[in-house]
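Novice: Mind looking over this structure? Questions follow.
Bear in mind these aren't lab numbers, they're just calculated from the coordinates by the rules spelled out. Values in this document were obtained by computation on a predicted structure and should not be read as measured data. Backbone-built Cβ (ideal geometry, glycine too); neighbour counts: all protein chains shown.
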Amino acid sequence: MAFPLQSIHITLAVGGGIAAYKACDFIREAQRHGIASIHPILTPDSQQFITPLTLASLAMQPATIDSFALDERGVPLHIALAQKTDALVILPATANLLAKLANGFGDNLVTTTALTFTNKPIIIVPAMNTRMWENPFVQENLRKLEAQPNITCVMPSAGLLACGETGAGHLAPYTLIFEALYKVTHPHANLFKGVKTLVTAGGTIEPLDVARVLTNRSSGKMGVALADELHAMGAMVTLVTAQSEPPVRSYRVIQAQTAEKMKTAVLGLADEQDWILKAAAVSDFKLQDSNPHQKLKKQPNQTSYSLTFDLNPDILALLGQKKRPNQVLVGFAAETETAEIAPLLEKLNRKNASVLLVNNVATTGLGFGSDENQLKLLYPDGTTEETPILPKPLLARHVLLALAHRFLK
Ligand code: CTP
């Protein structure tokens with residue numbers, strides 16, 4: 001799911017390594033995330049791999065290589081970029097570029113621009129051959145850079161490299177770069193600093209037989225949006241998700257697809273959490289005597305079929321029973337009827353939740369599976385707050401600001 005980067009303007013600095021070609025894809029992906037603008041700059045060596053025209057055409061902004069370039073007002077470009085963009089993304093950062101950045105060099109447009117971002121975020125995305133990556137000089141430069149409060153390094157992953165070797169040095173997945181960009185530019189970056197949070201997401205999947213499952217329409221988008229937002233606001237996040245394809249994130253992601261597996265994962269981590277947000281749509285039922293190795297068979301001429309279900313554990317209620325006095329337990333309620341408060345309040349009290357986020361799943365285009373939603377926040381004293389209809393990432397921010405106001409000391 002996309003990070004909401006609509007208000008973010010970035011300078012994209014491209015270094016001279018083979019991963020320079022990925023800067024093109026990065027621009028396209030960033031545009032899919034709705035980024036406000038991308039201003040490309042290049043090192044002289046990067047032109048061996050990519051041209052300014054390619055980057056300019058994709059970014060729809062001039063792509064500059066000249067250290068002495070001026071902007072349209074006559075301001076030196078390396079200074080103007082720090083004035084008008086929110087963050088500098090260096091992609092790919094070569095070993096040479098890391099050495100120059102770590103030692104304060106200003107010998108080309110990329111390094112001089114980095115020097116002007118002293119009080120603004122810089123995201124460094126290294127990519128190089130494994131042996132270069134493991135070189136002690138490179139690692140020492142990286143440590144120096146990471147020690148700077150405004151610098152975030154998005155580390156390379158392991159994989160097949162352009163040179164044909166396999167190992168660390170592969171440019172990080174774009175998702176992790178956007179996650180970092182969203183975090184370093186977040187207006188409430190430290191609101192949840194150090195708060196340990198656990199979020200559940202997705203619709204659980206109960207096996208019926210070897211081929212069939214019982215599940216629901218939840219996509220997991222709201223839970224992931226809450227986890228992303230908490231991470232961006234400084235929380236220490238664990239996401240327990242039933243999604244078939246869990247998101248790629250820098251925080252801990254655990255896949256648990258049945259209610260029983262989710263219960264084990266969540267209860268095992270519950271005691272150490274300050275906040276638990278139960279956004280997952282947990283199946284209330286599981287098949288009695290399900291056999292994961294066989295297929296349920298019908299008889300010839302059979303016209304109906306009966307299955308017997310057991311009730312699954314209610315994870316939220318179990319969490320409510322062992323909730324510490326200062327632990328915040330956020331429950332959700334998927335309802336088709338949300339006008340009457342009394343039954344919702346009864347659910348909140350029965351599960352001992354600190355607040356219930358009520359989702360009207362009967363409204364077409366909202367809630368289950370969609371990109372937008374609206375929630376009613378219900379507190380134990382019976383007071384309610386209604387959110388506007390918002391895209392899920394913005395709704396997550398709206399809800400967390402409201403909850404922080406009430407529960408964060
Ligand atoms: N929940 C849970 N374990 C279950 C069922 C629900 O932890 N077996 C949690 C959900 O994650 C959610 C909250 O309970 O936070 C409410 O879910 P909902 O489906 O609205 O409520 P139910 O308890 O299943 O009640 P209902 O009978 O109205 O479906």
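Novice: Sort region 136-233 into rounded, prolate or oblate with this rule: let a ≥ b ≥ c be the square roots of the eigenvalues of the Cα gyration tensor; rounded if a/c is under 1.5, and if a/c is not under 1.5, prolate when a/b is larger than b/c, oblate otherwise.
Specialist: Oblate, since a/c reaches 1.5 and b/c is not below a/b.
Novice: Among Leu316, Ile151, Pro44, which residue has its Cα furthest toward the positive end of the charge dipole of the chain, with +1 on Lys/Arg Cβ and -1 on Asp/Glu Cβ?
Specialist: Leu316
Novice: Measuring from centroid to centroid over Cα atoms, what is the spacing of region 96-162 and region 330-409 in Å?
Specialist: After rounding, the separation between the Cα centres reads 43 Å.
Novice: Which value at 222 nm does the chain reach when only helices count, each DSSP H run of 4 or more adding -39,500 (n - 2.57), with the total divided by all residues and rounded to the nearest 500 deg cm²/dmol?
Specialist: When only DSSP H runs of four or more count, the value is -9000 deg cm²/dmol.
Novice: Counting other beta carbons within 10 Å of each Cβ, put His398, His39 in order, fewest first. Mind dumping the intermediate values first?
Specialist: Values: His398 17, His39 24.
Fewest-to-most Cβ neighbours within 10 Å comes out as His398, His39.
Novice: Still on this model: Lys84: which aspartates and glutamates have alpha carbons under 13 Å from its alpha carbon, excluding same-chain residues fewer than 8 sequence positions away?
Specialist: Asp71, Glu72
Novice: Might you report the magnitude of the Cβ-based charge dipole of the chain about its Cα centre, with Lys and Arg at +1 and Asp and Glu at -1, to the nearest 20 debye?
Specialist: Value, rounded to 20: 540 debye.
Novice: Can I ask one more? Can you spot the lysines whose alpha carbon is less than 25 Å from Lys347's alpha carbon? Ignore those fewer than 8 places along the same chain.
Specialist: By straight Cα distance, Lys347 reaches Lys221, Lys261, Lys263, Lys278, Lys286, Lys322, Lys323, Lys376, Lys392.
Novice: Which three extents, in angstrom, do the Cα atoms of region 9-184 have along their principal axes, listed largest first?
Specialist: 46, 32, 32
Novice: Sort Cys163, Cys24, Cys153 so the one with the fewest other Cβ atoms within 10 Å of its own Cβ comes first. Working shown, then result.
Specialist: Working: Cys163 14, Cys24 17, Cys153 20.
The most exposed by this proxy come first: Cys163, Cys24, Cys153.
Novice: Right, next: Does region 135-184 come out rounded, prolate or oblate, given a ≥ b ≥ c as the square roots of the eigenvalues of its C-alpha gyration tensor, rounded meaning a/c under 1.5 and, failing that, prolate meaning a/b above b/c?
Specialist: On the way: a/c = 4.30, a/b = 1.26, b/c = 3.42.
Cα axes put region 135-184 in the oblate bin.
Novice: Would you look at the GNM of the chain, springs on alpha carbons closer than 10 Å, and say which of Glu229, Glu179, Glu260 moves the most?
Specialist: Evaluated over the chain, the most mobile residue of the options is Glu260.
Novice: On C-alpha positions alone, give me the angle between the axis of helix 22-32 and the longest principal axis of the chain, in degrees, nearest 10.
Specialist: 50 degrees
Novice: What does DSSP give for region 9-184 in terms of the percent of beta bridges that are antiparallel, rounded to the nearest 5?
Specialist: 20 percent
Novice: I would also like to ask the following. How much length would be gained if the chain were fully extended between Leu296 and Glu346, taking 0.36 nm per residue of separation minus their Cα-Cα distance, in nm to one decimal? Could you put the intermediate results ahead of the total?
Specialist: Working: separation 50, 0.36 × 50 = 18.00 nm, distance 3.84 nm.
Gain on extension, Leu296 to Glu346, equals 14.2 nm.
Novice: Could I ask something else about it? Please report the orientation-averaged projected area of region 196-407, defined via the convex hull of its C-alpha atoms, in nm².
Specialist: It is 13.0 nm².
Novice: Tally the DSSP beta bridges in the chain and give the antiparallel ones as a percent, rounded to 5.
Specialist: 30 percent
Novice: Can I ask one more? With viscosity set to 1.002 mPa s and temperature to 20 °C, compute the Stokes-Einstein D of the chain, Rh being the Kirkwood radius across alpha carbon pairs; µm²/s, no decimals.
Specialist: In µm²/s, the coefficient rounds to 91.
Novice: List the aspartates and glutamates whose Cα lies under 19 Å from the Cα of Lys196, skipping any in the same chain that are fewer than 8 positions away.
Specialist: Cross-link targets: Glu179, Asp228, Glu229, Asp271, Glu272, Asp274.
Novice: For Ile254, what residues show an amide H to amide H distance below 5 Å, using hydrogens built from the backbone and excluding near sequence neighbours?
Specialist: Leu239, Val240, Thr241
Novice: Which whole-number percent gives the relative contact order of the chain, counting Cα pairs below 8 Å spaced six or more residues apart?
Specialist: Result for the chain is 11 percent.
Novice: Now, a different point. Among Glu146, Glu206, Glu386, which comes first, then next, by fewest other beta-carbon atoms within 10 Å? Intermediate results must be reported in sequence, preceding the final value.
Specialist: Working: Glu146 13, Glu206 23, Glu386 10.
Starting with the residue having the fewest Cβ neighbours, the order is Glu386, Glu146, Glu206.
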